[in-house]
Amino acid sequence: DDSPTGKSIFRATKDSDSIKTHEVFNLALNPKRKSPFSYIGDFVANPKKNRMAYAYKYFKIIKFMDLEAQAVRTMNFEREEFDENELYKVNGLDQNVTHYWGACAQDEYVYFLYSGRTPYDVVKEAGKKNYYIYVEQYDWNGNPIGKFRLDKWGYFTVDETNQKIYLFSTNHDDPLFIYDLPSN
C-alpha cells in the first residue's frame with residue numbers, strides 16, 4: 001500500500017472488532033522518490049517458508065524478504081543509484097522499460113516474467129509476429145536457478161507439481177499455451 005516513503009508492505013491483524021496494520025517492509029529505493037507509481041510491481045508470498053518477494057516493474061530489482069529474520073535481500077541488476085528522471089513519457093507513448101511483468105509463488109521456487117523492453121518495443125515486435133518473454137526462476141532466498149524464453153507474450157502461472165508453465169497470450173484468439181518447465 002502507499003506509505004510516507006512511497007510503497008510498503010503492511011500486515012493487517014484483527015483484534016476483536018478492530019483492524020490494526022503495521023509496516024512490515026519498506027519498498028522505497030530512493031528516499032527522494034516518494035511517488036507510489038515508481039514502485040509498481042508484483043508481490044508474492046510463501047507462508048510455508050515465511051518468505052515474500054517483490055519485483056519492480058520499472059526497475060530491474062527484486063526484493064526477497066524473510067519474515068522470521070526480518071531481513072531483506074535486494075537483487076539490484078541495474079546500478080547503485082537511481083536517477084530522479086528515470087521514468088518518462090514521450091508523445092504519450094510509454095517509453096519506460098518494463099522489467100518485471102508478473103510473479104508466481106510456488107512451494108520450492110518463485111517465478112517472474114521478465115520483458116526488459118518498453119511497451120512500445122513490445123507492440124512493434126508483435127506487429128512482426130515476434131512475441132516473446134522470459135521466465136526467471138529463483139529459490140526463496142533470492143538465488144537464481146534458471147531463465148527460460150517463451151515464444152509468446154502474456155500472463156502466466158507455474159505448476160511445479162506437473163512441471164508446466166501456463167501462459168495466457170494477449171495476442172492470440174486461442175490464448176492458452178502450455179510449456180514444459182525445464183529441469184535444472
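Could you pull out the pairs from Lys14/Lys48; Lys57/Lys128; Lys60/Lys128; Lys32/Lys57 whose alpha carbons sit more than 28 Å apart here? With Cα atoms farther than 28 Å apart: none of Lys14/Lys48; Lys57/Lys128; Lys60/Lys128; Lys32/Lys57. Between Gln70 and Asp174, the modelled labels are 5.5 nm apart [label points 7 Å from Cα along Cα→Cβ].
When the Cα convex hull of segment 107-184 is projected onto planes of every orientation, the mean area is 5.4 nm².
Counting alpha carbon pairs within less than 8 Å and at least 6 residues apart, what relative contact order, in whole percent, applies to segment 91-176? Mind showing how you got there, number by number?
Values: 155 pairs, mean separation 19.0, N = 86.
Over segment 91-176, the number comes to 22 percent.
Just one of [x] 53, 45, 35; [y] 54, 44, 30; [z] 56, 40, 26 is Cα extents along the principal axes in Å calculated from these coordinates, so which is it? Answer by label: [x]. The HN-Hα couplings worked out from phi for segment 39-53 by the Karplus form 6.51 cos²θ - 1.76 cosθ + 1.60 (θ = phi - 60°) are 10, 4, x, 10, 10, 9, 9, 10, x, 5, 9, 6, 10, 9, 9 Hz, whole numbers, x standing for Gly and Pro. Between Thr157 and Tyr120, the modelled labels are 3.5 nm apart [label points 7 Å from Cα along Cα→Cβ].
Below 8 Å, C-alpha to C-alpha, sequence gap of six or more: please give me the relative contact order for the chain in percent.
Details: 368 pairs, mean separation 22.6, N = 184.
It rounds to 12 percent for the chain.
Amide H contacts under 5 Å for Thr98: Gly116, Arg117, Thr118, restricted to partners 5 or more places along the chain or on a different chain, H placed in the peptide plane at 1.01 Å from N.
Computed over the chain, the per-residue total of -39500 (n - 2.57) for DSSP H runs of n ≥ 4 gives a 222 nm mean residue ellipticity of -1500 deg cm²/dmol, rounded to 500. Using a probe of 1.4 Å, the accessible surface attributed to Ser16 totals some 100 Å² when neighbouring protein chains are kept in position.
Near Val24, the amide H atoms lying under 5 Å from its own belong to Ile9, Phe10, Arg11; only residues 5 or more places off or on other chains count, and H is placed 1.01 Å from N. Sites count as exposed loop sites when they are trypsin sites (Lys or Arg not before Pro), lie in a DSSP loop, and have at most 12 other Cβ atoms within 10 angstrom; the longest stretch of the chain without one is 130-184.
The values are calculated or read from the model by the stated rules, or taken from the named source; none is laboratory data. Values in this document were obtained by computation on a predicted structure and should not be read as measured data. Using ideal geometry, Cβ is built from the backbone for each residue, glycine included, and neighbour counts are taken over all protein chains shown. Note: areas computed on protein heavy atoms with side chains; ligands, DNA, RNA excluded. Shrake-Rupley method; radii C 1.70, N 1.55, O 1.52, S 1.80 Å.
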